[in-house]
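The values are calculated or read from the model by the stated rules, or taken from the named source; none is laboratory data. These figures come from a predicted structure and were not determined experimentally. Here Cβ is always computed from backbone atoms with ideal geometry, including for glycine, and neighbour counts include all displayed protein chains.
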Amino acid sequence: MRANNRPMGTPAEPTFTRSALAPGLLGAIALLGGLALLDSDGFIVIRFVVSILALILCVFVIQAKAWWWLLALVPIAVLWNPIVVIELHGQGWVSAQFIASLVFIIVGVRTKVPVRRI
């Protein structure tokens, strides 16, 4: 036995997970794929997906105690909200799609959620 009570060759237990990575990447893919649907009725599906994934990322960010990411994620959840639609058009909306996808990727990669020990 070693000083840390682990036999040699035994991997250390992780102290965090990257739980936000999958929703972050899925959200970025949905946003970039949604560029093709911007002016169609099918964009409502993109709104649902992006809004829900932004809220899921908010939960992981709160668990990771990385509160500053809420400043970017909450507006994304509101702007892509499918219930109370905020109509945006033109290049600004296209730029918002790219910026939001970048935010999703960065939050997904940077957020480290601590592992809870039972």
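Given the criteria among the hydrophobic types (A, V, I, L, M, F, W, C), buried (at least 19 other Cβ atoms within 10 Å of the Cβ) and either at pLDDT below 95 or in contact with a helix residue (DSSP H, G or I) (Cβ under 6 Å, 6 or more places away or on another chain) (or both), does LEU38 qualify? Steps first, please.
Numbers: among the hydrophobic types (A, V, I, L, M, F, W, C): yes; buried (at least 19 other Cβ atoms within 10 Å of the Cβ): no; either at pLDDT below 95 or in contact with a helix residue (DSSP H, G or I) (Cβ under 6 Å, 6 or more places away or on another chain) (or both): yes.
Against the criterion (among the hydrophobic types (A, V, I, L, M, F, W, C), buried (at least 19 other Cβ atoms within 10 Å of the Cβ) and either at pLDDT below 95 or in contact with a helix residue (DSSP H, G or I) (Cβ under 6 Å, 6 or more places away or on another chain) (or both)), LEU38 does not qualify.
In the stretch 56-72, which residues are buried (at least 18 other Cβ atoms within 10 Å of the Cβ) and either in contact with a Ser or Thr (Cβ under 9 Å, 6 or more places away or on another chain) or more than 21 Å from GLN91 (Cα to Cα) (or both)? So that I can check it myself, show each step before the final result.
Within the stretch 56-72, the subset buried (at least 18 other Cβ atoms within 10 Å of the Cβ) is 56-58, 60-61, 64, 69, 72.
Answer for the stretch 56-72, where residues must be buried (at least 18 other Cβ atoms within 10 Å of the Cβ) and either in contact with a Ser or Thr (Cβ under 9 Å, 6 or more places away or on another chain) or more than 21 Å from GLN91 (Cα to Cα) (or both): ILE56, LEU57, CYS58, PHE60, VAL61, ALA64, TRP69.
Might you check whether a residue that is modelled with pLDDT of 95 or more, more than 22 Å from SER95 (Cβ to Cβ), surrounded by fewer than 16 Cβ atoms within 10 Å (Cβ to Cβ) and within 16 Å of the chain's Cα centre (by Cα) occurs anywhere in the stretch 41-55?
Scanning the stretch 41-55 turns up at least one residue that is modelled with pLDDT of 95 or more, more than 22 Å from SER95 (Cβ to Cβ), surrounded by fewer than 16 Cβ atoms within 10 Å (Cβ to Cβ) and within 16 Å of the chain's Cα centre (by Cα).
Within the stretch 104-118, take every residue that is among the hydrophobic types (A, V, I, L, M, F, W, C) and either in a helix (DSSP H, G or I) or surrounded by 17 or more Cβ atoms within 10 Å (Cβ to Cβ) (or both) and give me the one that is modelled with the lowest pLDDT. Outline the logic, then answer.
As a first pass, look at the stretch 104-118 and keep what is among the hydrophobic types (A, V, I, L, M, F, W, C): 104-107, 109, 113, 115, 118.
Keeping just the survivors that are either in a helix (DSSP H, G or I) or surrounded by 17 or more Cβ atoms within 10 Å (Cβ to Cβ) (or both) gives 104-107, 109, 113.
Details: PHE104: 97, ILE105: 96, ILE106: 95, VAL107: 95, VAL109: 94, VAL113: 86.
Restricting to residues being among the hydrophobic types (A, V, I, L, M, F, W, C) and either in a helix (DSSP H, G or I) or surrounded by 17 or more Cβ atoms within 10 Å (Cβ to Cβ) (or both), the top hit is VAL113.
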